[in-house]
């Protein structure tokens, strides 16, 4: 075992041990006044809080709570009117539906809702009267005009498929 630290000058106050531990190594510091003072300083430093409170010389402005702020009112008013669909006249909605079915034979309910801009419940009421709902493949979950409302022939219908 060496009792010098590599890189330190000889005669320095640092002490080190160098060697290979085979089974167990126990080390205990010398209980002298320097060690006790060092441990007391460490304990004192650990006991001091990292943050301290200070007294304020002047009062801070405290605002009364407001349940409805201006920016939240504006957002709520804007969002409440954006996605509302109001029922239009039944005849106008039927015209829009017939115009849509002139372009395509089959429509999904969401596509018809985007075209007519009507509430889905109102749209379903109208569609049950003038359209039939397909539940089987190949046009599953789509709406198609009833035969009495169609104006195209069987040959055109086959060409559309």
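Tabulated values for the structure
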quantity: Cα radius of gyration and Dmax for the range 90-160 (Å); calculated: 11.7, 35
quantity: Cβ crowding within 10 Å averaged over residues, with 56-64, 107-115, 134-142 ranked highest first; calculated: 107-115, 134-142, 56-64
quantity: Contour minus Cα-Cα distance for residue 103 and residue 47 (0.36 nm per residue); calculated: 12.1 nm
quantity: Ordering of 21-29, 33-41 by packing [mean C-beta count within 10 Å, highest first]; calculated: 33-41, 21-29
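Every number here is computed from the coordinates shown, using simple stated rules; none is lab data. What you see is a predicted model, and the numbers here were worked out from it, not measured in a lab. Positions of Cβ are backbone-derived with ideal geometry, glycine not excepted, and every protein chain shown enters the neighbour counts.
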